[in-house]
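See structure below.
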Amino acid sequence: MYLNALIVDDEAPARSELRFLLEETGRVEKISEASNAREAVEALVRSKEGTDARTDVIFLDISMPKTSGMQLAEALHKLKNPPAVVFVTAYSEYALDAFNVDAVDYLMKPVETDRLKHALDKVEGRLSPSNPRNNTERIPVEKGGRKVFVSVDLIRYIEAKDDYSCIYTDQDRFLSTISLAKLEQKLTPHGFFRVHRGYIVNLEHVEDVEVISSGILQLGLKGVEDKKIPVSRRRVVSLKRALGI
């Protein structure tokens, strides 16, 4: 798959550097540039009207004068079929906001070639109808006072805790300020299932289903010891269907 990209950054050297890196990948057919949100919108209108090639992905800087990249992404998020958005920024503190506008990836400047290729993989996964599940998605979480990213395929389950969501992998636990409802919306296409008002599980890691008193189910997960995940009564039928049992 060859992509058409739009680079939006108010700094010309940054645009030139990213253009060079994209060209080096050999995976981008056409690269357009815009120095601000207004120029970006004009380019997207030309793309939509067919006077210019379609725009598959926007590489978007966040910190720009007047309309910021985040404001532009929020506007694009409301469209019916928006292009994929990859943020390219020097600031890590906007990762949660990027999650909320369904950005495909979040690259830190200076951009590394391997990370850029990984972002292109994710864009292709998002755009390909034959590959609706793209488990290279990452979730921003808190760990030791820092913002880090966890790949969704490493997540075993998520538990609601007060105002936080606790994200469990086989080896660690992370806190997130993202609500369980928002995580459910984001992760359902990646094979996750809301089994209870307080739990989301990765179906890939379900190891056993146990029936306890009164027909209530609980789940055992691979790599998770001494923890059984309860299943609410009203979700039992849909869960069985999802598991093929």
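Every number here is computed from the coordinates shown, using simple stated rules; none is lab data. This structure is a prediction, so every number in the text was calculated from the model and none was measured. Here the Cβ positions follow ideal geometry from the backbone for every residue, glycine too, while neighbour counts run over all protein chains shown.
In a solvent-free Debye calculation with one equal scatterer on each Cα, what is log10 I(q)/I(0) for the stretch 10-67 at q = 0.14, 0.19, 0.28 Å⁻¹, listed in the order of the q values?
Taken in order of the listed q values, log10 I(q)/I(0) reads -0.41, -0.74, -1.25.
Under 5 Å between amide H atoms, partner at least 5 residues away or on a different chain: which partners does E33 have, H built in plane at 1.01 Å?
Placed amide hydrogens put I7 under 5 Å from E33.
Filter K161/K182; K161/K227; K80/K117; K48/K78; K80/K186 down to the pairs with a C-alpha to C-alpha distance above 19 Å, please.
Over 19 Å Cα-Cα: K80/K117.
Treating the beta-carbon of each Lys and Arg as +1 and of each Asp and Glu as -1, no other charges, what is the dipole magnitude of the chain about its Cα centre, to the nearest 20 debye? Each step should come with its number before you reach the end.
On the way: 36 positive and 38 negative charges, 222 e Å.
Using only the charged Cβ atoms, the result is roughly 1060 debye.
Ratio of Rg to Rh for the stretch 88-196, alpha carbon only, Kirkwood?
Rg divided by Rh gives 0.95.
In the stretch 32-64, what trypsin sites (Lys or Arg not before Pro) fall in a loop by DSSP, with at most 16 other Cβ atoms inside 10 Å?
R54
Between F87, L243, S47, whose Cα lies farthest towards the positive end of the dipole of the chain when Lys and Arg beta carbons carry +1 and Asp and Glu beta carbons carry -1, centred on the Cα centre?
Among F87, L243, S47, the one farthest towards the positive end of the dipole of the chain is L243.
Determine the dipole magnitude for the stretch 75-118: charges of +1 sit on the beta-carbon of Lys and Arg, -1 on that of Asp and Glu, nothing else is charged, the reference point is the Cα centre, and the result goes in debye to the nearest 20.
200
Checking a compactness column here: for the chain, what do you get for Rg(Cα) / (2.2 N^0.38 Å), N being the number of residues? Present the calculation step by step, with values, prior to reporting the outcome.
On the way: Rg = 20.2 Å, N = 245, 2.2 N^0.38 = 17.8 Å.
Ratio of Rg to 2.2 N^0.38 Å for the chain: 1.13.
Taking the square root of 5 times each eigenvalue of the Cα gyration tensor, what semi-axes in Å does the equivalent ellipsoid of the stretch 3-127 have, largest first?
18, 17, 15
How big is the stretch 138-243 by the Kirkwood estimate over distinct Cα pairs, in Å?
Working: mean 1/r = 0.0714 Å⁻¹.
The answer is 14.0 Å.
Restricting to the chain, compute how many DSSP beta bridges are antiparallel as a %, nearest 5.
Once the DSSP bridges in the chain are tallied, antiparallel ones form about 65 percent.
Give me the one-decimal nm value for the distance between modelled label points at Q185 and K80, 7 Å along each residue's Cα-to-Cβ direction.
Each label point lies 7 Å from its Cα, and together they span 2.0 nm.
Neighbour counts of other C-beta atoms within 10 Å: give me E23, E204, E225 arranged from fewest to most.
The order, fewest Cβ neighbours first, is E225, E23, E204.
Using the count of nearby Cβ atoms within 10 Å as a rough guide to exposure, how do E159, E210, E39 rank from fewest to most?
E210, E39, E159
Report the charge-dipole magnitude of the stretch 3-127 in Debye, nearest 20, computed about the Cα centre from +1 at each Lys and Arg Cβ and -1 at each Asp and Glu Cβ.
Dipole about the Cα centre, nearest 20: 360 debye.
Can you sort M108, M64 from fewest to most other Cβ atoms within 10 Å of each residue's own Cβ? Intermediate values should be presented prior to the final figure.
Numbers: M108 14, M64 21.
Listing M108, M64 from fewest to most nearby Cβ atoms yields M108, M64.
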